[in-house]
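Take a look at the structure set out below.
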Amino acid sequence: MDEVPMIQLLNPEGERVSNSEYESSLTPSEILGLYRDMAIIRRLCNEATSLQRQGQLALWAPVQGQEAAQIGAGHALAANDFSFPSYREHGIAWKRGVPPLDWLRLFRGVTMGGWDPVKYRHSNPTIVIGNQALNAVGYAMGIQRDAADEAVMTFFGDGGSSQGDIHEACVFAGVFNAPVVFFIQNNHWAISEPTIRQTRIPLFHRASGYGFPGVRVDGNDVLAVYEVTKRALDNARSGNGPSLIEAFTYRMGAHTTSDDPTRYRLEAELETWRLRDPLERVKSYLVRSHNEQQSTFDDIAAEADQMALDLREGLLSLPDPAPLSMFDHVYAEPHPFIEAGRRELIDLGFGGDA
Amino acid sequence: MTTENLTMAKAINEGLRGAMEKDSKVMLIGEDIGKLGGVFRVTDGLQKDFGELRVVDAPLAESGIVGAAVGLAMRGYRPVCEIQFDGFVYPAFDQIVSQVAKQHARSGGVYKMALVIRIPFEGGIGAIEHHSESPESYFAHTAGLRVYSPTNAYDAYWMIQEAIASDDPVIFCEPKSRYWEKAEVDRETPARPATEAQIRRAGSDVTVVTYGASVKTCLRAAQAAEGEGRQLEVIDLRSISPVDYPTLAASVEKTGRVIVVSEAPPVASVAGDIAATLSEMCFYSLRAPIVRVSGYHVPYPPSRIEEEYLPNVDRILDAVDRVMEFES
Ligand SMILES: Cc1ncc(C[n+]2csc(CCOP(=O)(O)OP(=O)(O)O)c2C)c(N)n1
Ligand SMILES: [Mg+2]
């Protein structure tokens, strides 16, 4: 399944390669911007991992290795589009403008969400695998009814592709020609299970069964991911219906900070993918083809370090929620069971004006 | 004597191993249960010893896991499904209530749904959303299912084997916050049947009916209450469906006061049903209304405030005060 051709515009050595269907439309400075995005994501993610190690987060799901897939896809989203992530899409949250501290709130255990999804046009993380894809399709059906110039993109993994919800989402999207893009990050692992446990065919082939196009893109090539995603979203916006993108990438880190990948995968595999690092190839390209100076990259690293520091400080000063907040927003309208619970907690001495 | 000091996680692992050694039809299916041994390591080493046909790393699809287990049971296998966390059982809900629970009745007893669905449940481990829920009331509400919940390593070792040997489907709820607690496991003397509730501490003032992680909390409360001169009788249900009402009623006849404690939200819950049933059964013995100590009618809260959501010693003692206020 690894031998299937995929769309690639920048190879692991950082050389531009031509493709008969796609051309890169990005200027060198835009490409540098994407590099910066990826470098920041990687740095913040490492900071979050160490914060978890220090007991400041309950859990963290690292994104390392998947930066190009997320930044390329996120960059292709138009301001009016709407995205429905799973739980690892920190790169998409970044591109949607969600402040990094807000990504961490859920993992610190101070909220169920973390940000206003409508403000950023980016839903809160969905942890139950596959749920969000159906919600994305429904949102897209709403766009159709409003005749709005918008598209929806939803994210899930190779593991997620097995869920019944994903099948139903694809059926609905196909039948109703909904303006939605299914973006699969095939990072080769679903916790300890390799992709072979989820599928016998390349995942993008599944799209044809639902009657819409599917494509595999080099998920570690930010130029290719951007072009492929942009076209898919353009198609959705212009009434050409859904499509599926399989970004072929790799989870370089553990599944989460609770995971121990040495129990199930070989170091050699990691080595192979290290050579395909999504950041290194962009850097080589910019240095070799556009004479970008090392100082530019040093500046980005310094900027990312500062952001990591800010993130740490912000997190450490996050207050715990008030216990009574567990009753907030459970219902939109008054509900006596909520009032009863609130009263009980107040009587037990947990705040309020008892 | 062949007793060994084991964690509850390891005791379940040993129980699964014992069941697989005894009966070649027993097989395990779930996510990450093979090489990884499950996220709680409950199936650690079993795939290595029993092979991939008997310990199956399933595609990431809970309806698939349970639905396939139904078919395997129809062929005479005894599948033990692992659901990774409580909050991920819902994709399988349809298969559980529509097929697992009903195939025996529908087929006139021809199909034995001899399968077990293991679910690490309840909270208290500082986890993120969907990893701390108490779904047992949905299953207890469904005729055709048995619901068991062990609370210590010894019980767990024997109860998982009893569940696997049962010709009825068993939802096996494992209080995950107690996985790492150790107890002596006697491998020669079977535990009492799961359907018998166990009095964990005898007392004459208040009957405390509980299950799951709350058993330990109630025992701590009982210790604290003793300091105030109150004797709590703590009963560990072990089986949530059926409930051992004769044991509960005998205790209530003695104490006349009842508290029901569990982490689950209170509305339409196991705890509520037990309170209602005991009021019917023991009306003339009761000296106070039955009080529940439970979670609240809210989604399980973010972990930083779960302490305030979960039944704790203070809330249990508060409930004791309330039932003791009523003069006999
Ligand atoms: C319905 C459901 N079942 C199980 C889980 C537990 N779980 C969390 S992540 C994961 C693996 C997901 O793999 P994949 O979809 O490939 O995404 P990745 O983690 O690789 O980004 C599992 C089994 C879950 N969150 N939801
Ligand atoms: Mg994956």
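The values are calculated or read from the model by the stated rules, or taken from the named source; none is laboratory data. Treat the numbers as computed from the prediction; the structure is a model and nothing was measured. Virtual Cβ from ideal backbone geometry, glycine too; neighbours counted across all protein chains shown. Areas reflect the complete protein model, heavy atoms only, side chains present, ligands, DNA and RNA absent. Shrake-Rupley method; radii C 1.70, N 1.55, O 1.52, S 1.80 Å.
Things worth noting here:
- In the range B:121-145, residue most open to solvent (accessible area, probe 1.4 Å) [restricted to those that are away from chain A (no Cβ under 14 Å) and within 17 Å of B:Gly295 (Cα to Cα)]: B:Tyr138
- From A:Gly138, A:Gly174, A:Gly164, A:Gly160, residue being over 19 Å from the mean Cα position of the chain (by Cα), of a type in the set (Gly, Ala, Ser) and within 14 Å of chain B (Cβ to nearest Cβ): A:Gly164
- B:Glu52 meets each of the listed conditions (1) outside any loop (DSSP other than H, G, I, E, B); (2) surrounded by fewer than 18 Cβ atoms within 10 Å (Cβ to Cβ); (3) within 14 Å of another protein chain (Cβ to nearest Cβ) apart from (1).
- Test: A:Val171 is open to solvent by less than 10 Å² (accessible area, probe 1.4 Å) and either at pLDDT 95 or above or among the charged types (D, E, K, R) (or both): no
- Qualifying residue in the range A:103-118 (condition: within 16 Å of ligand 2 (Cβ to nearest atom) and assigned by TED's automatic domain parsing to the domain that holds A:Val228): no
- Filter result for B:Arg292 (open to solvent by 60 Å² or more (accessible area, probe 1.4 Å), closer than 22 Å to B:Ala197 by Cα and within 14 Å of chain A (Cβ to nearest Cβ)): yes
- Entry remark, the range A:145-200: residues being more than 14 Å from ligand 1 (Cβ to nearest atom), on the phi > 0 side of the Ramachandran plot and either in contact (Cβ under 8 Å) with a residue 24 or more places away in the chain or polar (S, T, N, Q) (or both) number 1 in total.
- The range B:37-55 residues that are within 20 Å of A:Arg265 (Cβ to Cβ), paired with ones that are basic (Lys, Arg) and open to solvent by less than 30 Å² (accessible area, probe 1.4 Å) (beta carbon under 8 Å, 6 or more apart): B:Phe40/B:Lys176
- Qualifying residue in the range B:33-41 (condition: of a type in the set (D, E, K, R), within 12 Å of chain A (Cβ to nearest Cβ) and either assigned to a helix (DSSP H, G or I) or under 23 Å from B:Tyr90 (Cβ atoms) (or both)): no
- The single residue among A:Glu292, A:Glu246 that is open to solvent by 30 Å² or more (accessible area, probe 1.4 Å) and touching a residue at least 12 places away in the same chain (Cβ under 8 Å) turns out to be A:Glu292.
- Among (1) over 13 Å from B:Thr207 (Cβ atoms); (2) free of Cβ contacts under 8 Å to residues at least 60 places away in the same chain - the single one B:Pro311 does not satisfy: (2)
- The range A:226-244: number of residues that are outside any loop (DSSP other than H, G, I, E, B), under 20 Å from the mean Cα position of the chain (by Cα) and more than 16 Å from ligand 1 (Cβ to nearest atom): 11
- Hits in the range A:256-279 - residues which are closer than 23 Å to A:Gln8 by Cβ, in a helix (DSSP H, G or I) and either open to solvent by less than 30 Å² (accessible area, probe 1.4 Å) or in contact with a Gly (Cβ under 7 Å, 6 or more places away or on another chain) (or both): A:Leu270, A:Trp273, A:Pro278, A:Leu279
- When the test is whether a residue is away from ligand 1 (no atom under 16 Å from the Cβ) and under 20 Å from the mean Cα position of the chain (by Cα), B:Thr7 passes it.
- Within the range A:87-110, the set of residues being under 16 Å from A:Ala133 (Cα atoms) and buried (at least 24 other Cβ atoms within 10 Å of the Cβ) comprises A:Glu89, A:Ile92.
- The range B:146-178, residues that are surrounded by 24 or more Cβ atoms within 10 Å (Cβ to Cβ) and among the aromatic types (Phe, Trp, Tyr): B:Tyr148, B:Tyr157, B:Phe172
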